[in-house]
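For reference, the structure is listed below as structure tokens.
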Amino acid sequence: MEYLLETVDQYGAHPATLEEIDERIRDIPPTEVLLCGHSHLARIVQAGSGVLIVNPGSVGWPAFRARHPEPHVMEAGSPHARYAIVERVGQEWAVSLRAIPYHWDTAARIATANGRPDISSNLLTGWA
């Protein structure tokens, strides 16, 4: 479980450079579009190699803290469920990133009931 579009170092998480992304995808068979996840952050990146990379974000976990490979946080900044629509339009790819409301207050109550007030806060706010 490694990040593709983000780099984590002793300073936390930040967007990966195009050079880092191209290095990470160098062994993937040639493709026009690559879908990824793990960071829970909705992003679209046109890699230096020309590959269009899409991370739709997270349907229900907009922020979290992690310890590997270094301590860091990932934060969408709002509690909305996120997804992407990727479609071919002529010779090009069109990507629409969507953020929609859902019952995040119910999810937060469940987290609190399970002894996870930290996750409850993340679900309500999109911040860790």
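Assorted remarks:
- Hz values of 3J(HN,Hα) by residue in the range 18-28 - Karplus curve (6.51, -1.76, 1.60), Gly and Pro given as x: 4, 5, 5, 5, 4, 5, 5, 9, 4, 9, 7
- Cα convex hull volume per residue for the range 1-61 (Å³): 90
- By the helix-only formula, in which each DSSP H run with n ≥ 4 contributes -39500 (n - 2.57) and the sum is divided by residues, the chain has a 222 nm mean residue ellipticity of -5500 deg cm²/dmol.
- When the Gaussian network model of the chain links Cα atoms closer than 10 Å, the mean-square fluctuations of GLY77, GLY90, GLY60 top out at GLY90.
- Note that the range 102-119 has calculated 3J(HN,Hα) couplings of 8, 7, 5, 5, 5, 4, 5, 4, 5, 4, 4, 4, 9, x, 10, x, 5, 5 Hz, one per residue in order, obtained from phi through the Karplus relation 6.51 cos²θ - 1.76 cosθ + 1.60 (θ = phi - 60°); glycine and proline are x.
- Long-range HN-HN contacts of LEU5 with modeled amide H, under 5 Å: none
- The range 57-74 - phi-based ³J(HN,Hα) in whole Hz, Karplus 6.51/-1.76/1.60, Gly and Pro as x: x, 10, 6, x, 9, x, 7, 7, 10, 9, 10, 10, x, 9, x, 7, 10, 10
- Averaged per residue, the chain has 61 square angstrom of accessible surface, using a 1.4 angstrom probe with ligands and nucleic acids left out.
- Database remark: amide H of LEU34 closer than 5 angstrom to the amide H of LEU52, ILE53, VAL54 (H placed geometrically; neighbours at sequence offset of 5 or more, or on other chains; Pro and chain starts carry no H).
- Among PRO29, PRO15, PRO101, the largest mean-square fluctuation in a Gaussian network model of the chain, built with springs joining Cα atoms closer than 10 Å, belongs to PRO29.
- Overall dimensions of the range 72-124 as given by Cα atoms, namely Rg and Dmax in Å: 15.7, 50
- The ellipsoid equivalent to the alpha-carbon distribution of the chain has semi-axes of 29, 19, 9 angstrom, derived from the gyration tensor eigenvalues as √(5λ) and listed largest first.
The values are calculated or read from the model by the stated rules, or taken from the named source; none is laboratory data. Quick caveat: nothing in here was measured; it's all calculated off a predicted structure. What goes into the accessible areas is simple: the full protein's heavy atoms, side chains included, and nothing from ligands, DNA or RNA. Shrake-Rupley method; radii C 1.70, N 1.55, O 1.52, S 1.80 Å.
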